[in-house]
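Undergrad: Provided herewith is a single structure, encoded as structure tokens, for subsequent inquiry.
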Amino acid sequence: MADLPTQLALSPTSSLKIQKGDITKWFVDGSSDAIVNPANERMLGGGGADGAIHRAAGPELVAACYKVPEVRPGIRCPTGEARITQGFKLPAAHVIHTVGPIYDVDSNPEASLKSAYANCLSLAKENNVQYIAFPAISCGVFGYPYDEAATVAISTVKEFGKDLKEVHFVLFSDDIYNVWLNKANELLQN
């Protein structure tokens, strides 16, 4: 069972919630909610949260991802962009797939990470998603330092997430959760 989320205001009508937990089990209403999948550019599953989301959603998710047109051979979602599919067997209605930067490879990881978060929020709004849950994009094998990633993530949500009812961060490990919580309290104090 996930810990109760910490809630902070993004605007008078929008809140940010940070909790420890398993993003594959997160949902609000099963119709206007979406989880974010930290995908790779192929969008066909992988390790970490990406693999867990694909396993929980079932084979229909990979089939839906195959239907997303390639923009270049083997690339359905370039770094910093986002695509949306149904959630299938997940409790959330939608999956928004985004590709964060590989920290030591990307020439401007901060801009790429900001773009990934902003494009997810934009796609959510376009698809009438009112509740969205993010993992810590690029913080796993992509090597993004937690403190820097939290700053980009929370600043971008503060800037672009005000049109949604709730923006959640559902974080799997204590260390990432603690960094996100501290950064949110620092950046969202009026």
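The values are calculated or read from the model by the stated rules, or taken from the named source; none is laboratory data. Computed from a predicted model, the values in this text were never measured in an experiment. Quick reminder, even Gly has a Cβ in these numbers, built from the backbone with ideal geometry, and neighbours come from all protein chains shown.
Undergrad: Among the residues of the range 59-83, write down those that are in contact with a strand residue (DSSP E or B) (Cβ under 8 Å, 6 or more places away or on another chain) and either more than 14 Å from R42 (Cα to Cα) or at pLDDT below 95 (or both).
TA: E60
Undergrad: If you don't mind, another one. Can you pull out every residue in the range 149-180 that is aliphatic (A, V, I, L, M) and either under 15 Å from the mean Cα position of the chain (by Cα) or at pLDDT below 95 (or both)?
TA: If we filter the range 149-180 for residues that are aliphatic (A, V, I, L, M), which is where we start, we get 149-150, 152-154, 157, 164, 167, 170-171, 176, 179.
Answer for the range 149-180, where residues must be aliphatic (A, V, I, L, M) and either under 15 Å from the mean Cα position of the chain (by Cα) or at pLDDT below 95 (or both): A149, A150, V152, A153, I154, V157, L164, V167, V170, L171, I176.
Undergrad: Hey, can you tell me all the residues within the range 139-163 that are crowded, with 24+ Cβ neighbours inside 10 Å and part of a loop (DSSP other than H, G, I, E, B)?
TA: Of everything in the range 139-163, those that are crowded, with 24+ Cβ neighbours inside 10 Å and part of a loop (DSSP other than H, G, I, E, B) turn out to be C139, Y144, G161.
Undergrad: Being among the aliphatic types (A, V, I, L, M) and more than 17 Å from the chain's Cα centre (by Cα) is the filter here, so list the residues in the range 31-67 that pass it. It would help to see each step written out before you state the result.
TA: If we filter the range 31-67 for residues that are among the aliphatic types (A, V, I, L, M), which is where we start, we get 34-36, 39, 43-44, 49, 52-53, 56-57, 61-64.
Passing the criteria: V62, A63, A64.
Rundown of residues vs (1) modelled with pLDDT of 95 or more; (2) charged (D, E, K, R); (3) more than 21 Å from F27 (Cα to Cα), yes/no style:
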site	(1), (2), (3)
V99	yes, no, yes
I102	yes, no, yes
V105	yes, no, yes
P109	yes, no, yes
P135	yes, no, no
Q189	no, no, yes
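Undergrad: If you don't mind, another one. If I ask for residues that are surrounded by 22 or more Cβ atoms within 10 Å (Cβ to Cβ), touching a Leu at 6+ places or on another chain (Cβ under 8 Å) and either assigned to a strand (DSSP E or B) or basic (K, R) (or both), which ones from the range 113-138 would you list?
TA: Y131, I132
Undergrad: With the structure loaded, tell me whether E60 is of a type in the set (D, E) and over 16 Å from F134 (Cα atoms) or whether it fails that test. Steps first, please.
TA: Values: of a type in the set (D, E): yes; over 16 Å from F134 (Cα atoms): yes.
So E60 fits the description; yes.
Undergrad: Do any strands (runs of 3 or more DSSP E) entirely within the range 4-58 hold 2 or more residues that are within 17 Å of L164 (Cα to Cα), in contact with a Phe, Trp or Tyr (Cβ under 6 Å, 6 or more places away or on another chain) and in contact (Cβ under 8 Å) with a residue 40 or more places away in the chain, and if so, which?
TA: 33-38
Undergrad: Then there is this: Going through E70, E110 one at a time, which residue ends up being outside any helix (DSSP H, G or I) and either crowded, with 21+ Cβ neighbours inside 10 Å or over 12 Å from the mean Cα position of the chain (by Cα) (or both)?
TA: Working: E110 fails: outside any helix (DSSP H, G or I).
From the options E70, E110, the qualifying one is E70.
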